[in-house]
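**Q** Quick one: the structure is below, and I'll ask about it shortly.
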Amino acid sequence: SAVISQKPSRDICQRGTSLTIQCQVDSQVTMMFWYRQQPGQSLTLIATANQGSEATYESGFVIDKFPISRPNLTFSTLTVSNMSPEDSSIYLCSATRNTGAYDEQYFGPGTRLTVT
Amino acid sequence: QQQVKQSPQSLIVQKGGISIINCAYENTAFDYFPWYQQFPGKGPALLIAIRPDVSEKKEGRFTISFNKSAKQFSLHIMDSQPGDSATYFCAATHRGDMDSNYQLIWGAGTKLIIKP
């Protein structure tokens with residue numbers, strides 16, 4: 001498996017500000033992803049973090065709002081820019097590792113963001 | 001066609017009973033079907049996964065049953081315990097499609113409560 005840590009674990013931010021979430025994996029992984037999850041709901045993929053190049057965003061998510069970096073194989077950041085209360089959510093980092101039979105996907109503990 | 005439909009939305013089972021959660025999919029190209037367990041305040045944790053070349057996979061008290069012709073798969077939790085109370089997500093992906101970036105298509109989730 002892969003051990004994934006995220007910082008911060010939670011934050012309360014004012015509208016109009018930005019927050020950068022860090023994701024660190026304990027060893028090399030193939031893919032890294034960022035998800036958003038509203039409490040009690042399923043996961044929504046924001047983007048795939050590509051090492052050394054621009055992230056690949058899903059429909060409804062744009063780089064200006066959610067800039068992502070992945071400078072190496074084990075670290076990525078997600079910034080939530082110009083926040084509004086609608087951005088209040090849990091943000092999850094995930095990574096895949098090839099186990100031979102599968103590319104298993106593992107998740108960090110999440111960052112709980114509240115925008116006031 | 002990319003959807004994974006999960007049911008029930010919530011489930012209450014007596015301690016020692018069998019918990020059954022079902023998922024259905026349309027995309028016959030899907031070839032990897034994982035189940036995730038998520039406790040409140042935590043990220044999803046990979047529980048068990050199956051490929052379509054087998055009809056059943058068992059790991060301890062957890063079993064995936066897979067019906068390729070019906071395009072359905074289910075999670076069975078035997079001898080359910082209060083510690084199994086969590087939200088369970090099924091997912092699916094097509095690992096052979098590099099363009100998909102191995103993105104998981106998620107079910108809506110099932111909140112499972114095991115009554116002591």
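Where a number appears in this text, it was derived from the coordinates with a stated rule and is not lab data. On a predicted model such as this, the values are computed, not experimentally measured, just so you know. FYI the Cβ positions are ideal-geometry reconstructions off the backbone, even for glycines, and counts take in every protein chain you see.
**Q** Given 5 Å bins starting at zero, what is the percent of C-alpha pairs of segment A:57-103 in each, up to the one with the largest pair distance?
**A** 5, 14, 22, 24, 15, 11, 6, 3, 1
**Q** Mind grabbing the base-10 log of I(q)/I(0) for the protein assembly as shown at q = 0.07, 0.11 Å⁻¹? Debye formula, identical points on the C-alpha positions, no solvent, two decimal places.
**A** Each listed q maps to, in turn, -0.23, -0.56.
**Q** Per residue and in cubic angstrom, what volume does the convex hull of the Cα atoms of chain B have?
**A** With only Cα atoms used, chain B gives 95 Å³ per residue.
**Q** For Cα pairs less than 8 Å apart in space and 6+ apart in sequence, what is the mean separation divided by the residue count of chain A, i.e. the relative contact order in percent? Walk me through the numbers on the way to the answer.
**A** On the way: 297 pairs, mean separation 42.8, N = 116.
Relative CO of chain A lands at 37 percent.
**Q** Hey, another quick one. Find how many whole Å separate the alpha carbon centroid of segment A:17-35 from the alpha carbon centroid of segment A:84-116.
**A** If we compute the Cα centre of each part, the gap is 8 Å.
**Q** How do B:Cys23, A:Cys13 rank when sorted from fewest to most other Cβ atoms within 10 Å of their own Cβ? Could you put the intermediate results ahead of the total?
**A** Values: B:Cys23 25, A:Cys13 16.
Ranking B:Cys23, A:Cys13 by Cβ neighbours within 10 Å, fewest first, gives A:Cys13, B:Cys23.
**Q** If you place +1 on the Cβ of every Lys and Arg and -1 on the Cβ of every Asp and Glu, how big does the dipole about the Cα centre of segment B:20-116 come out, in debye to the nearest 20?
**A** Details: 10 positive and 9 negative charges, 57 e Å.
In total the dipole reaches around 280 debye.
**Q** Across the residues of B:41-49, average count of Cβ atoms on other protein chains within 10 Å? Before the final figure, lay out each step's value.
**A** Numbers: counts 7, 4, 14, 11, 3, 7, 0, 0, 5.
That works out to 6 on average.
**Q** Related question: With point charges of +1 on the Cβ of Lys and Arg and -1 on the Cβ of Asp and Glu, referenced to the Cα centre of chain A, which listed residue (A:Thr56, A:Ser42, A:Val29) lies farthest in the positive direction of the dipole?
**A** The residue sitting most towards the positive pole is A:Ser42.
**Q** FRET efficiency for B:Asn22 and B:Lys115, Cβ-Cβ distance as r, R0 = 25 Å, nearest 0.05? Kindly include the intermediate steps, with their values, before the conclusion.
**A** Values: r = 21 Å, r/R0 = 0.83.
Approximately 0.75, to the nearest 0.05.
**Q** Also: Based on the inverse mean of 1/r over its pairs of different Cα atoms, what is the Kirkwood hydrodynamic radius of segment A:4-115, in Å? Present the calculation step by step, with values, prior to reporting the outcome.
**A** Values: mean 1/r = 0.0712 Å⁻¹.
14.0 Å is the Kirkwood radius here.
**Q** Same structure again: Label points 7 Å out from Cα along the Cβ direction at A:Arg10 and A:Thr79: separation in nm?
**A** 2.6 nm
**Q** With a Förster radius of 22 Å, plug the Cβ-Cβ distance of B:Arg95 and B:Lys71 into 1/(1 + (r/R0)^6) and report the FRET value to the nearest 0.05. Let's see the in-between values first.
**A** Numbers: r = 17 Å, r/R0 = 0.78.
Here the calculated transfer efficiency is 0.80.
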